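The values are calculated or read from the model by the stated rules, or taken from the named source; none is laboratory data. Because the structure is a prediction, the values reported are computed rather than measured. Cβ atoms come from the backbone with ideal geometry, glycine included; neighbour counts cover every protein chain shown. These area figures cover heavy atoms from the full protein model, side chains too; ligands, DNA and RNA do not enter into them. Shrake-Rupley method; radii C 1.70, N 1.55, O 1.52, S 1.80 Å.
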Amino acid sequence: MLLADERAEVVAVCRRLVAERLVVGTAGNVSVRVGDLVAVTPSGVDYATLTADQVGVHRLDGTPVQAPLAPTSEAPMHLACYAARRTGAVVHTHSVAATALSCLVDEVPPVHYYLGMFGGRLPVARYASYGTPQLAENMLAALGDGTGVLLANHGAVTLGDTLAAAYDRAVYLEYICDVALRVLGAGRTARLLDETELAAVSTRLAHYGQPRR
C-alpha cells in the first residue's frame, strides 16, 4: 500500500482528535505530505471505523493516485497550504473554544505565551462556505507565515513539519482559545502580553525541549 505508514498515522491522529474532543462526528480533517504526494482523510467516514486503506493518496494538484473514496471536502484548503508552504502536515479541527472565539474576535488576544508557538499571533480568517476555494484563499491570507489560524464561524487549522507537530499545535491552539474565552467573559480589563515578549518567547519556544541527536 502506497504511503502505508503515513496513512496509518493519519488514522491514529484522527482517533486522537476525537478523544480530545477537537472534532465531532466526521468533522475536521487531516493530511500529511510526502514529496509530491498527500495522504488525506476521506469525506464523511466515521473516525472510529476509518482504516488506513481508506485514507486517500493524491498528487499536489488533487489528482487521486490511490484513493478508494472521495477526499474530504476541505481538500482544497489542505492543498492550498502545501502549494504555498513547505509544510509537512495540516490538521483542521472544529474544536469548541476555537470555533466560539472565531465568532467574537479578529485575532486571538495575547493572553498566554503559548501564542509563541504560532509566531506570536493567531489571526481569524474571513468566513467563507466550507470546502470552497474562497475559504482556502481566506485561510492563506490570514495565515501568512504562521503555523495556525482560526476560521471564522468554523474552526481552526494548524500546520507542522510533521503530523505529530501539527496535531500538538491543534491541542495548544484549543487551550489558548479556551483561556481567551474565559478572560473575555470575566468582565474585567485583561492583562495582555506585548509584542516584545511574544517575539522573545517565540524564539525560545522554537528551541524548546531536548536537543536532537
Taking the conditions exactly as written (farther than 23 Å from HIS78 by Cα, open to solvent by 60 Å² or more (accessible area, probe 1.4 Å) and touching a residue at least 40 places away in the same chain (Cβ under 8 Å)), does ASP194 satisfy them or not? yes
Are any of the residues in region 134-143 in a loop (DSSP other than H, G, I, E, B) and not aliphatic (A, V, I, L, M)? no
Please go through region 131-161 and pick out each residue that is over 19 Å from VAL105 (Cβ atoms), out of contact with any helix residue (DSSP H, G or I) (no Cβ under 9 Å at 6 or more places or on another chain) and at pLDDT 95 or above. GLN134, ASP161
In the list VAL18, VAL96, VAL24, VAL65, which residue meets the criterion of being of a type in the set (A, V, I, L, M), at pLDDT below 95 and open to solvent by 50 Å² or more (accessible area, probe 1.4 Å)? VAL24
Does region 108-129 include one or more residues that are assigned to a helix (DSSP H, G or I), in contact with a strand residue (DSSP E or B) (Cβ under 8 Å, 6 or more places away or on another chain), of a type outside the set (A, V, I, L, M, F, W, C) and surrounded by 19 or more Cβ atoms within 10 Å (Cβ to Cβ)? no
Residues satisfying the stated conditions in region 188-204, i.e. over 20 Å from ALA98 (Cα atoms) and in a loop (DSSP other than H, G, I, E, B): ARG188, THR189, ARG191, ASP194
If only one of ARG15, ARG7 is more than 23 Å from GLU137 (Cα to Cα), assigned to a helix (DSSP H, G or I), in contact with a Gly (Cβ under 9 Å, 6 or more places away or on another chain) and free of Cβ contacts under 8 Å to residues at least 60 places away in the same chain, which one is it? ARG7
Check on VAL30, surrounded by 15 or more Cβ atoms within 10 Å (Cβ to Cβ), touching a helix residue (DSSP H, G or I) at 6+ places or on another chain (Cβ under 7 Å) and in a helix (DSSP H, G or I): no
When (1) under 15 Å from the mean Cα position of the chain (by Cα); (2) of a type in the set (Phe, Trp, Tyr); (3) within 28 Å of LEU181 (Cβ to Cβ) are applied to TYR47, the one that fails is (1)
What's the total number of residues in region 168-186 that are in contact with a helix residue (DSSP H, G or I) (Cβ under 7 Å, 6 or more places away or on another chain) and open to solvent by less than 10 Å² (accessible area, probe 1.4 Å)? 4
